[in-house]
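Here the structure comes first, spelled out in structure tokens, and everything after it is commentary.
The values are calculated or read from the model by the stated rules, or taken from the named source; none is laboratory data. Computed from a predicted model, the values in this text were never measured in an experiment. No Cβ is skipped: glycine too gets one built from the backbone with ideal geometry, and neighbour counts run over all protein chains shown.
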Amino acid sequence: MKYAEYIFNLYFFIIPMTEEERLRILAALTQGGSLKVGQISIGDYNTLNYYDGEKGSGRVEYTDSEVARAIVQISGEGKPLSLMKHYVGVICVLQSMGWPRKFATCCARINALPGHEAYPVRCDSNAIKATQALKFTSVDYKEWGTYTPHPGEEAGVFRECKWAADAFAETLQSIAD
């Protein structure tokens with residue numbers, strides 16, 4: 001209960017909301033389950049996601065459960081997420097949706113998602129360091145459609161990561177619909 005009260009009090013003072021919204025959030029935090037109230041999404045296992053974008057900005061929020069299901073669906077041999085370096089594409093999509101800019105933080109969060117034990121390929125921030133150092137990772141995923149990678153290694157890795165990123169974004173959207 002202390003954790004739920006802490007989160008509730010934190011968001012109570014930071015985010016403007018009605019008393020009804022506050023009560024719904026408190027109920028979700030103390031009873032479990034998932035709930036979306038205004039800009040706050042409380043997902044499975046009481047994960048709390050806050051969406052701070054403007055309405056109509058194109059930025060969409062997904063629950064941790066939806067992200068995990070999308071990762072499972074695109075993972076495995078012959079699929080877009082078949083190698084650890086392909087997580088760079090998945091992470092870049094998540095970063096464009098508001099996840100942290102640090103790859104290690106994103107990997108840790110991915111590995112804590114519900115059902116992460118079922119991932120055929122795990123996210124390891126140490127194993128993707130060489131890939132995350134390539135220039136395309138500093139470009140927002142929304143601009144990857146027009147991005148031209150440097151010939152050679154970056155071009156090849158970019159194609160692979162873009163395939164994983166596109167498949168992840170499409171799968172995530174279809175799960176949420």
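Miscellaneous remarks
- Only residues that are surrounded by fewer than 18 Cβ atoms within 10 Å (Cβ to Cβ) and either of a type in the set (Lys, Arg) or in a helix (DSSP H, G or I) (or both) were counted in segment 110-123, giving 4.
- Qualifying residue in segment 53-76 (condition: among the aromatic types (Phe, Trp, Tyr) and modelled with pLDDT under 90): yes
- Residues located in segment 89-107, provided they are assigned to a helix (DSSP H, G or I) and within 12 Å of the chain's Cα centre (by Cα): GLY89, VAL90, ILE91, CYS92, VAL93, LEU94, GLN95, SER96, PHE103, THR105, CYS106, CYS107
- Restricting attention to segment 124-144, the residues that are under 23 Å from GLY98 (Cβ atoms), assigned to a loop (DSSP other than H, G, I, E, B) and in contact with a Lys or Arg (Cβ under 9 Å, 6 or more places away or on another chain) add up to 3.
- If the condition is being within 19 Å of ALA130 (Cα to Cα) and touching a residue at least 12 places away in the same chain (Cβ under 8 Å), then segment 97-109 contributes PHE103, ALA104, CYS106, CYS107, ALA108.
- Residues that are at pLDDT 95 or above and of a type in the set (Val, Ile, Thr) do not occur anywhere in segment 96-105.
- The residues of segment 57-88 that are assigned to a loop (DSSP other than H, G, I, E, B) and not small (Gly, Ala, Ser), listed by number, are ARG59, VAL60, GLU61, TYR62, THR63, GLU77, LYS79, PRO80, LEU83.
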